[in-house]
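First the structure, in the form of structure tokens, and then the observations on it.
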Amino acid sequence: MAMAMMNRRQFVQTAGMAAGSAWLAGCEATFSGLENLEGPDAYSVSILGDTHFDTEPESVYHSHYDESNKWAKIQHEEFRRNGEMWRARCRELLASSARLAHEQETHFILQLGDIIQGDCDHVPTHKKMLDDCIRMLRAPYPAALPFLTVVGNHDFRGKGAWDAYFQFAEPFMSREIGKAVKYPAFSFRQGKDLWVLCNFEMKDLNPIADLIDADPAARRVFLVTHGPFTTFDTGGSYRWRLGGRKDCEASRPRLYETLSRRHAIVLSGHTHTTCFYRHANRFGGFSEFTVNSVWAKPELATATPIQDKAADYGKFGLGRVPPEKRADYVRELDFFRPGLKEYFYNNGAGHYRLDVSDAAVTMAFYPGAATEPARTFKLA
Ligand SMILES: [Fe+2]
């Protein structure tokens, strides 16, 4: 491990200098870093899904927005949605998550990407949006908790935003984890467990399988990806996921087998839904859980399922996929369908807590700003 060779404080100072002080704003507290082979056998994680941080009025972050963008109408609707939900509801959701982290032992915070809306079209504004967001999200939690986020498509959306995001994210995550990390995929050890984070739009999935295979002794394997690995049942954008692009079709079977042999747990976001998938197959099996904190309407504080039977997997989305894409959609569903044993899909938003131990891994779902879980899923 690189950190074993370098004093962690020296590393943090190095990473901080490389990043520039403005980029580490929001993490001034003292962090020890997560990378730790001697971590606890049991631990808990506060989890937030997509947050799409933004604010009112639109001019704060979007005064340079290029109105010639062909998606302008949709994106302005998103700015309005974000501004409205961050006025109060999402702040209450955040406060509830943080309150639980104060009341119950919590090891780190994990956000599943699309942490910001993006669409600034101006690098200093994009950087400020990221900086404001990290400060705001972590402020209510206990000060020493590491804060992890994985890259989502909105995080680098806009002119100059790709470089702006990764110049922020890699030093920031290196500091939080306590070891130098680099996309498209990287890993760290939390005690007995291996955690892998990736850019879900990567063109080749082998780097993820390589990271998992390189640590055969890990007790549990967690894969954190903004776009789900399992084909999701929400309609037309079903290929916009980890392994969904054509380039990935050659490497996807290996990752499926690797995750299955290790009984891995995939954590994802992106679809603005709360979903649970349990796969069992000839290699073993794995679970995936998709989280969502885009509390866009009050009624989305719900744990009522839209689908909760594996036999119904794919039925909801089929009618939303254009006819010319349906055969492809069914093929993508069929990659996963034979091994799908449990399925839960709802459009709820909220916050979540992951509890990891020798005995089990569970995910508790707190709809909206709930302080009690509405439903707890056994992931392993
Ligand atoms: Fe997304």
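With the Kirkwood sum run over all distinct C-alpha pairs, the stretch 61-194 has a hydrodynamic radius of 16.2 Å. Shape analysis of the stretch 222-380 places it in the oblate category; the axes a ≥ b ≥ c from the Cα gyration tensor give an a/c of at least 1.5, with a/b not above b/c.
For the stretch 265-309, taking Cα atoms only, Rg and Dmax work out to 12.8, 42 Å respectively. Value of Rg to Rh for the stretch 146-267, rounded to two decimals, is 0.96; Kirkwood radius and Rg both from alpha-carbon coordinates. The overall shape of the stretch 298-380, judged from the alpha-carbon gyration tensor, is oblate: a/c is not under 1.5, and a/b is no greater than b/c. Peptides 63-71, 297-305, 364-372, 80-88 ordered by packing proxy, namely the average of other Cβ atoms within 10 Å per residue, highest first: 364-372, 80-88, 297-305, 63-71.
Each 10 Å bin from zero up to the one holding the largest Cα-Cα distance in the stretch 282-333 carries the following percent of pairs: 17, 35, 38, 10, 0. Using every pair of separate Cα atoms, the Kirkwood estimate puts the hydrodynamic radius of the chain at 20.9 angstrom. Restricting the trypsin sites (Lys or Arg not before Pro) of the stretch 283-380 to loop positions (DSSP other than H, G, I, E, B) with no more than 15 neighbouring Cβ atoms within 10 Å leaves K309, R320.
Under the rule a/c < 1.5 gives rounded, and otherwise a/b versus b/c splits prolate from oblate, where does the stretch 86-146 land using the Cα gyration tensor?
Values: a/c = 2.68, a/b = 1.91, b/c = 1.40.
Prolate.
Across the chain, the mean sequence separation of Cα contacts (distance under 8 Å, 6 or more residues apart), normalised by length, yields a relative contact order of 19 percent. Helical content of the chain, expressed as a calculated mean residue ellipticity at 222 nm, amounts to -9000 deg cm²/dmol (DSSP H runs of 4 or more residues, -39,500 (n - 2.57) each, divided by residue number, nearest 500).
Rule-based calculations on the coordinates, nothing more; no lab input. Worth saying up front: this structure is predicted, and the values here are computed from it rather than measured. Virtual Cβ from ideal backbone geometry, glycine too; neighbours counted across all protein chains shown.
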